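Heads up, the thing below is written out as structure tokens.
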Amino acid sequence: MSEALNDTALDQLFREARSYNGYLDTPVSQAQLEGIWDLMKFGPTSANCLPARIIWCTSTEAKQKLAACTMPSNGDKILQAPVTAIIGMDLEFYEQLPELFPHADARSWFVGNDALIEKTAFRNSSLQGAYLMLAARALGLDTGPMSGFDNAAVDKAFFAGTKLQSNFICTLGYGDTASIFARSPRPEFARFNQVA
């Protein structure tokens, strides 16, 4: 049985964590990016399908290429952040299932079923993107997830000739507190929840 995390950990992961629009001029290392993956890969996905494919944009060239695919304000954030992750999804993720989920012939569930493939890839890569943000926070980094970009343009620039598609993007680094807004409302349980 797991023990509840203490308040310091819960604050770091949730209560005090914020989405940043700007970062300090402090680098993020390759080892830190690998550390994020080494945590997030343990988050659950359907039949351990792990459809997320991530491009970590760290070079000026990669950031400029990505920024060109976004609304101007998001482009500025990308150019300033130490790292921006493109969370993509592999529409042929099921080809990995004989290795990743050896308990059943899970590959056969998806072959030829494009609607199920797309739904599963999108749902589970979205989950993995959330795990990425929590892993980054757990390792002392801050994040800035965003939409506000042209998926088709990102796919052409970064995933051309593959069965990969972009889901969303997320900046990473050491957040500049001057870049965040006042905390938006977070309603109490009773407003958006029911117990059946």
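Bear in mind that the values in this text are calculations on the coordinates, not laboratory data. As the structure is a computational prediction, the values presented were derived from the model and not from experiment. Cβ: placed from backbone, ideal geometry, glycine included. Neighbour counts: every protein chain shown.
For the reader, a short list of remarks on this structure follows.
- Beta bridges from DSSP with both residues in the chain: antiparallel share about 95 percent, rounded to the nearest 5.
- Potential lengthening between Thr162 and Tyr174 on full extension [0.36 nm per residue; Cα-Cα distance subtracted]: 1.1 nm
- Cross-link partners of Lys119 among aspartates and glutamates, defined as those whose alpha carbon lies under 15 angstrom from its own and excluding same-chain residues fewer than eight positions apart: Asp90, Glu92.
- When the range 70-142 is reduced to its Cα atoms, the Kirkwood hydrodynamic radius in Å: 14.7 Å
- With q set to 0.13, 0.28 Å⁻¹, the log10 of I(q)/I(0) for the range 60-103, from the Debye formula over equal scatterers at the Cα positions, is -0.46, -0.95.
- Relative contact order %, the chain, counting alpha carbon pairs below 8 Å whose residues are six or more apart: 33 percent
- For the range 1-110, fraction of C-alpha pairs farther apart than 21 Å, in %: 56 percent
- Anchor Lys65: aspartates and glutamates whose Cα lies under 20 Å away (excluding residues fewer than 8 positions away in-chain): Asp76, Asp150, Asp155
- Additional length obtainable on full extension of the chain from Asp150 to Gln64, 0.36 nm per residue less Cα span: 29.5 nm
- Restricting the range 164-196 to chymotrypsin sites (Phe, Trp or Tyr not before Pro) that sit in a DSSP loop and have at most 14 other Cβ atoms within 10 Å of their own Cβ leaves Phe181.
- The stretch between Asn193 and Phe181, if pulled fully straight at 0.36 nm per residue, gains 1.7 nm over its current Cα-Cα span.
- Histogram of C-alpha separations across the range 83-196, 10 Å bin width, %: 11, 30, 32, 21, 6, 0
- Residue by residue, the range 97-106 carries 3J(HN,Hα) couplings of 5, x, 7, 7, 9, x, 6, 7, 7, 5 Hz when phi is fed to the Karplus relation 6.51 cos²θ - 1.76 cosθ + 1.60 (θ = phi - 60°); x denotes Gly or Pro.
- Positive minus negative residues near Trp56 (Lys, Arg vs Asp, Glu; Cβ under 15 Å): +1
- Cα convex hull volume per residue for the chain (Å³): 173 Å³
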